[in-house]
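For reference, the structure discussed in these notes is given below.
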Amino acid sequence: MSRHVVAAVGEIAPGDRKLVTVRGRPIAIFNLGGEYFGLLNRCPHQGGPMCEGKTTGLVQASEPGKYLYSKADEVIRCPWHNWEFDIRTGQSYCEPDRNSVRAYPVEVTAGAALVEGPYVAETISVNVAERYLVVDV
């Protein structure tokens, strides 16, 4: 698995998303209240662009007339056929045993840590003030 810097933390506002390409893979990066999640930008149903879908939550009923709304803005709907997937995990809500969108781990890493890397070479002092989003592919 290789690591790739895809954006500065400030580029994706809470509740927003950004489409990036990593090693030829289109990946939608979502910001859920300061937590970042990556999903392949391709619905497993017919390849719809997940990044263009609407976010919503789940409505569950314990009995007729009693509804609970949960996971507000944590569910993405495929814009083509409205299949729903959990942004945090990629899990399908239409056919959970058969379908999911590939999820990619995303972490926030300080710029200074990225500069260090696993390399052995002559070094020059560098000061990095930003934080960046990093995707493991």
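Laboratory data are not the source of any read-out in this text; all were calculated from the coordinates shown. All values derive from a computational prediction rather than experimental measurement. Backbone-built Cβ (ideal geometry, glycine too); neighbour counts: all protein chains shown.
The table below gives the values:
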read-out	value
Between the stretch 1-31 and the stretch 52-109, the alpha-carbon center distance in angstrom	19
Relative contact order of the chain, defined on C-alpha pairs under 8 angstrom at six or more residues apart (%)	26
Backbone HN-Hα couplings from phi across the stretch 94-102 [Karplus 6.51/-1.76/1.60, Hz, Gly and Pro as x]	8, 9, x, 7, 10, 10, 7, 8, 4
Cα shape, the chain, gyration tensor, a/c 1.5 rule	prolate
Unit charges on C-beta of K, R, D, E only; dipole of the stretch 3-136, Debye	340
Free-standing Cys, the chain [no other Cys Cβ under 4.7 Å]	Cys51, Cys94
Stretch gain in nm, segment Ser2-Asn82, where the contour uses 0.36 nm per residue and the Cα spacing is subtracted	25.6 nm
Positive-end residue of Ser100, Ser2, Asn31, charge dipole of the chain with Cβ unit charges	Ser100
Nearby aspartates and glutamates by direct alpha-carbon distance to Lys71 (threshold 15 angstrom, same-chain neighbours under 8 apart not counted)	Glu35, Glu84, Asp86
For the chain, built as a Gaussian network whose Cα springs stay under 10 Å, the top-fluctuating residue of Asn99, Asn31, Asn41	Asn99
For Ser92, net neighbour charge (Lys/Arg +1, Asp/Glu -1) across residues whose Cβ lies under 15 Å away	+1
Cut-off 15 Å between beta-carbons: net charge of the residues surrounding Val59, Lys and Arg +1, Asp and Glu -1	-1
Residues whose placed amide H lies under 5 Å from that of Arg42, excluding near-sequence neighbours	Met50
Burial ordering of Val135, Val5, Val59, fewest other beta-carbon atoms within 10 Å first	Val59, Val5, Val135
